[in-house]
Amino acid sequence: MSGREDSVYVAAAMYYLQDETMDAIARRLGVSRSTVSRLIKQARDTGLVHISLQPRTAGSDTISRALQDLFGVRAHVVPVREGASEVQRLDQVAQVAGRMVSGWVEPGTILGMAWGTTVSAVVQHLTPRRAPGSAVVQLNGAANPVTSGIPYAGSIITAAAEAFDARVHHFPVPAFFDYPETKAAMWRERSIRRVLAVQEQADIALFGAGALSGSLASHVYAAGYLDPADLDSVRADGVVGDVCTVLLREDGSWADIALNRRATGPTPRELARVARRMCVAAGTAKVAPLLGALRAGAITDLVVDEATGRAVVERVRMPRNHVPGSARE
């Protein structure tokens, strides 16, 4: 292989397989950015690289339009091959979400992030690029009676910040306080108010729809954040899941759920201050909590796999006597 051919191969591999930027490739090869662009074009023109786009199915187009008509959201429905595991389904959806968020982050952008299994998967697919003056802020606390939560949530928030060379604002509070009075007192502390102020300035919010049950149950319910009495309480209240650890019913109501007085994440009403609110969901266990989040008005942009999106639409269109009532907020 000649030197030129070797450079074409290295540039193409770094760009398409490793998601490296053109600037990074230029530094690696010791050439200009425009030369890298020409090398990548040559890789396509000579057939070294074959680009294919999985076609949108008629079903995904129909579901996307239905979700937009029903809830006023921009819905991105991801076709996933039949027989894919729940983990594979999540990874496919996370890839799309990661690239979308990467395209939205610009210099000065403030990205608010919840933590959890879904957001962790999205962060793995962010496209690294510098966004000077940007920041990533944690939206909900992570500590519980068993652990500080810092290693888990902190690694997710920090990885996102590193992707954009952004400042990090952690939120050093529990996911749920033991007492509502404790939360009220902490919310008066200057260190906490500083983080809350950054949250309020967020341009983008990224979160999943936590499911109370299922093979990919929310980290909130699977990792000791709620004790047995709390779980009994939320089930009695008709809770199906959460957004940013704020508990929701399927009808979209949340304000009268007792445990939410102790929750540290932004409520759907508070989230509504953020102009762009992306929810990422994969797996049919997410149908009920996703429907609650949509009805609560927490979402502007939805990335969802085709099967889950279809199930949400079908659930809404069931005969009225099979569907939960209107929101009780």
The helix 190-200 Cα axis meets the longest alpha-carbon principal axis of the chain at an angle in degrees, between 0 and 90 and rounded to 10, of 70
Among ALA121, ALA185, ALA75, residue whose mean-square fluctuation peaks in a GNM of the chain (springs only between Cα atoms under 10 Å): ALA185
Could you state the number of Å between the C-alpha centres of segment 243-297 and segment 73-141? 18
Of all DSSP beta bridges in segment 58-322, antiparallel share, percent nearest 5: 20
Once amide hydrogens are built 1.01 Å from N within the peptide plane, the residues lying 5 or more places from HIS76 or on another chain with amide H under 5 Å from its amide H are LEU302, VAL303, VAL304
Provide the net charge surrounding PRO266, with neighbours chosen by a C-beta distance below 11 Å and charges set as Lys +1, Arg +1, Asp -1, Glu -1. +1
Nearest-ten-degree value, helix 306-316 long axis tilted from longest Cα axis of the chain: 30
To test your reading of the geometry: what angle, between 0 and 90 degrees and rounded to tens, separates the Cα axis of helix 86-104 from the longest principal axis of the chain? 70
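We did not get these values from a lab; they are worked out from the coordinates using the rules stated. Since we're looking at a predicted model, the values are computed, not measured. Glycine gets a Cβ as well: all are built from the backbone with ideal geometry, and neighbour counts include every protein chain shown.
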